[in-house]
Amino acid sequence: MLSFPRHVFICLHAVLVVAGWVDSLFAHKMEVKATANSAPASAAAEPEMIPVQIEAWYEYGDPADAEWWIINPAGREVARGRLDPETGQATLMLRIAMAGDYKITVDDGAGHREAVLLHLDPHLLDFSPVGVQSPQRNRWLMAVIGLGLIAALTAAARRLSRPSNPPEREIER
């Protein structure tokens, strides 16, 4: 029968547990992009209305099927909707009555939520497109953190698997 030292079994178990835990924590991150354009000429009747496009996807490129909402600088919800599940996009005409940061939140209902702040000013309606995107995760940093965590747990498991009082060896003379 194949026999493994106890510390090898404990270390292997720790690595498998941590790998599963880290994988479930960082399975995929949702990313959000919001873009506002100046109002088209057809919107001259309502000058403070501007088109806003919201996009959300998971870091591997799949579009997010998610709900979105926008909070104005005063803290009130001014728009709410759902992204197209096939494209992960939504376009709306947003009334901007005050300058400031509009918080756009996207939530897929399965534990992925991301928010971005889009700065808009109703007095600067003839502007170039304004956009913001959520920060992307550094994959190399995540790999280093994961390997460091595995190494630390392996060292802890080895330390715990050693007997506290090692037997004394007889010295041969």
Query raised in the report: In what sequence do Val130, Val116, Val144 fall when counting other Cβ within 10 Å, fewest first?
Result: Val144, Val130, Val116
Report summary line: Fewest to most Cβ atoms within 10 Å: Leu118, Leu92 sort as Leu92, Leu118
Requested in this report: Describe numerically, in nm with one decimal, the distance between label points set 7 Å from Cα along Cα→Cβ at Ala155 and at Leu141.
Outcome: 2.2 nm
Requested in this report: Multiply the residue separation of Glu48 and Asp65 by 0.36 nm, subtract the distance between their alpha-carbon atoms, and state the gained length in nm to one decimal.
Outcome: 3.2 nm
Query raised in the report: Measuring from label point to label point, each 7 Å out along Cα→Cβ, what is the Arg162 to Leu117 span in nm?
Result: 5.0 nm
Query raised in the report: What is the set of long-range amide H partners of Ser38 at a cut-off below 5 Å, with H atoms built 1.01 Å from backbone N?
Result: Phe127
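Read the figures in this text as sums done on the coordinates, not as results from a lab. Just so it is clear, the model here is predicted, and its values are computed rather than measured. Note that we place each Cβ from the backbone using ideal geometry, even for glycine, and neighbour counts take in every protein chain shown.
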